[in-house]
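One structure is given below, encoded as structure tokens.
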Amino acid sequence: MNKLEKARLEVREMDDLAAGNSPVHGMTPLSKLFVTVLYIVTVVSFHKYDITGLFAAVLIPFIGYQIASVPVRTCFRKLRHVLPLVAFVGLLNPLFDKSIQMVIGNVRVSGGVLSMLTLMMKGVFCLMASFLLAATTSIEEICAGLRKLHVPKILTSLLLLTFRYVGLLLSEAADMTEAYSLRAPGQKGVRVEAWGSFLGQLLLRSMDRAEELYNSMLLRGYNGEFYYAKKREYGRYSWPAALITAACTVLMRFVNVPAWISHVIGGF
Amino acid sequence: MLKFENVTYTYPGGETVLNGLSFEICAGECVGLIGANGVGKSTLMKAALGLVSARGTITVGENGNPSEAGNAVSKALVMNAENLPAIRRMLGYLLQDSDSQMFMPTVLEDMIFGPMNYGMPRAEAEKKADEVLERLGLQYLKTRQNHRMSGGEKRMAAIAVLLAMEPSMLLMDEPSASLDPKNRRKLIRLLKELPGTKLISSHDLDMVLETCERVLILKDGQIVADGPAGEILRNQTLLEENDLELPFCLQIQG
């Protein structure tokens, strides 16, 4: 199995994850969307030096992963290509902001280092939350939730088709790479000279397939709405659970939980 | 009922693939559409579904109750933008490539996609899907992920998806492609049992001979032969003129 085929199967795995049966899967897509967006906005709003307050923010997605029975390592495995980009954000901050903001023992920590760490943490936490939403909600349910928020059909259809198109693109690329490697033994990857025609063919072939797929949807009455996305029954606990999570998120923003715990336990 | 009157379609590149083509398929008929590769069989089907904009008149009729309407057609719609949704509701199209047909995560979800889009409640759509799967002996595929099926299973599941829509007329593009002999036999039995109008495009002339009462041969954008399957598929000269061969079963009989 080549790398592209593996990547295609990984995309498909998201459907497997979303087909789970945990309490988080049973929540309405709109309630999950609400909590995720609120969480992301809250995390992003932390001050660039508020690293201790930010530590508590990991608890919410972490608990979500446990309830949803989605291993945290799955998130990091699937996002391994994005995480270095997140880590790269703020890498230059220590060079520009050298004011001392914190002293740990004898180590003086500059504002640049703190802001770099908080930026990385914010990125990772937001990715974790988004992944939890995607892993517990099918793409159709997410689109249905967005439609309820009156997001235009054109955008939700675009989101749905993009998700499906990635699979098609990878599938076509996997087939073409396999065919190429069979006729180019001993070569690693596709030769630079062949990239142009390879990419051109890939685009044309995947566009044809995407068009077929869209036609197939149209022929079965698809008109931009997601009537079929609703599960048999969503848990009645959806909104209460979402509101409790939202309250915890907001509380975590205004109360520095680690500082409070150290105050209560250690008296600092 | 499906009626083409002087239908012409030219690809954007300039190649005319359907050239003033006319024919009619009456309600309840099972018709085979044959021809060499690239003669436009799939394009003809796409024109019937309004997926390509062909010139000429295409009329699609719904099977009616003969005792009420006096004949087998109760409603006939001419292809235009206004009638397109209703026409597509009447026609069930089996694509050549099952991977393009099945886009939902599981077979069941694919089967209820269409009926729910047309307003059927989920419980009813699931019940209908169960009935179809049972009829085809495919219950074991119900919750199977689409990407975890073999080519043959995908083909049978795609047919199940079509039948769950309860179309008035089936348009099938190479239905027996990628099926093993057992599943092919099952498909032939199913096609014989299924009521309603069917247009089957295929290179599997043995299957066409077994399932269709009438055959159309397409060449140079026109219907060059139209008649009973038994006659056309036994006419070796006619078949060879159109780059086809006698069905295998007739070749053996000599």
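Name, by its number, the condition in (1) in a helix (DSSP H, G or I); (2) small (Gly, Ala, Ser); (3) within 25 Å of A:ILE40 (Cα to Cα); (4) out of contact with any Phe, Trp or Tyr (no Cβ under 8 Å at 6 or more places or on another chain) that does not hold for A:GLY235.
Failing condition for A:GLY235: (1).
Would you list the helices (runs of 4 or more DSSP H) that sit entirely within the range B:1-92 and hold 3 or more residues that are under 15 Å from the mean Cα position of the chain (by Cα) and at pLDDT below 95?
In the range B:1-92, the matching helices (runs of 4 or more DSSP H) lie at B:41-48, B:84-90.
Sort through A:VAL41, A:VAL35 and tell me the only one that's more than 14 Å from every other protein chain (Cβ to nearest Cβ), free of Cβ contacts under 8 Å to residues at least 60 places away in the same chain and not in a loop (DSSP other than H, G, I, E, B).
Going through A:VAL41, A:VAL35 in turn, just one is more than 14 Å from every other protein chain (Cβ to nearest Cβ), free of Cβ contacts under 8 Å to residues at least 60 places away in the same chain and not in a loop (DSSP other than H, G, I, E, B): A:VAL41.
Go over the candidates A:SER181, A:SER238 one by one and state the one that is touching a residue at least 24 places away in the same chain (Cβ under 8 Å), crowded, with 16+ Cβ neighbours inside 10 Å and polar (S, T, N, Q).
It is A:SER238.
Exactly one condition in (1) part of a helix (DSSP H, G or I); (2) over 27 Å from A:GLU212 (Cβ atoms) is not met by A:ARG108; state its number.
A:ARG108 satisfies all of (1) part of a helix (DSSP H, G or I); (2) over 27 Å from A:GLU212 (Cβ atoms) except (1).
Could you figure out which of (1) outside the structural domain of A:ASN256 (by TED's automatic domain parsing); (2) buried (at least 18 other Cβ atoms within 10 Å of the Cβ); (3) not small (Gly, Ala, Ser) isn't true of A:PRO61?
Single failed check for A:PRO61: (1).
Can you name the number of the only condition in (1) away from every other protein chain (no Cβ under 13 Å); (2) touching a residue at least 60 places away in the same chain (Cβ under 8 Å) that B:LEU162 fails?
(1)
Just to verify a result, which residue in the range A:13-32, among those that are buried (at least 16 other Cβ atoms within 10 Å of the Cβ) and among the small types (Gly, Ala, Ser), is farthest from the other protein chains (Cβ to nearest Cβ)?
A:SER31
Are any residues in the range A:69-94 touching a residue at least 40 places away in the same chain (Cβ under 8 Å) and under 15 Å from the mean Cα position of the chain (by Cα), and if so, which ones?
Of everything in the range A:69-94, those that are touching a residue at least 40 places away in the same chain (Cβ under 8 Å) and under 15 Å from the mean Cα position of the chain (by Cα) turn out to be A:VAL70, A:VAL72, A:THR74, A:CYS75, A:LYS78, A:LEU79, A:VAL82, A:LEU83, A:VAL86.
With respect to A:ASP97, determine if the residue is within 21 Å of A:TYR234 (Cβ to Cβ), at pLDDT below 85 and either over 18 Å from the mean Cα position of the chain (by Cα) or not aliphatic (A, V, I, L, M) (or both).
In short, no.
Consider the range B:87-107. How many of its residues are closer than 20 Å to A:PHE163 by Cα and either more than 7 Å from chain A (Cβ to nearest Cβ) or free of Cβ contacts under 8 Å to residues at least 60 places away in the same chain (or both)?
10
Looking only at the range A:207-226, how many residues end up being free of Cβ contacts under 8 Å to residues at least 12 places away in the same chain, in a helix (DSSP H, G or I) and either facing another protein chain (nearest Cβ under 8 Å) or surrounded by 20 or more Cβ atoms within 10 Å (Cβ to Cβ) (or both)?
Within the range A:207-226, residues that are free of Cβ contacts under 8 Å to residues at least 12 places away in the same chain, in a helix (DSSP H, G or I) and either facing another protein chain (nearest Cβ under 8 Å) or surrounded by 20 or more Cβ atoms within 10 Å (Cβ to Cβ) (or both) number 6.
Looking at the range A:76-119, which of its residues are within 26 Å of A:VAL11 (Cβ to Cβ) and among the aliphatic types (A, V, I, L, M)?
A:LEU79, A:VAL82, A:LEU83, A:LEU85, A:VAL86, A:ALA87, A:VAL89
Of the residues B:LEU190, B:LEU171, which is buried (at least 22 other Cβ atoms within 10 Å of the Cβ), in contact (Cβ under 8 Å) with a residue 40 or more places away in the chain and under 28 Å from A:MET217 (Cα atoms)?
B:LEU171
Tell me the residue from A:ASP16, A:ASP50 that is within 16 Å of the chain's Cα centre (by Cα) and of a type in the set (Asp, Glu), please.
A:ASP16
The values are calculated or read from the model by the stated rules, or taken from the named source; none is laboratory data. All of these numbers come straight from a predicted model, not from anything done at the bench. Here Cβ is always computed from backbone atoms with ideal geometry, including for glycine, and neighbour counts include all displayed protein chains.
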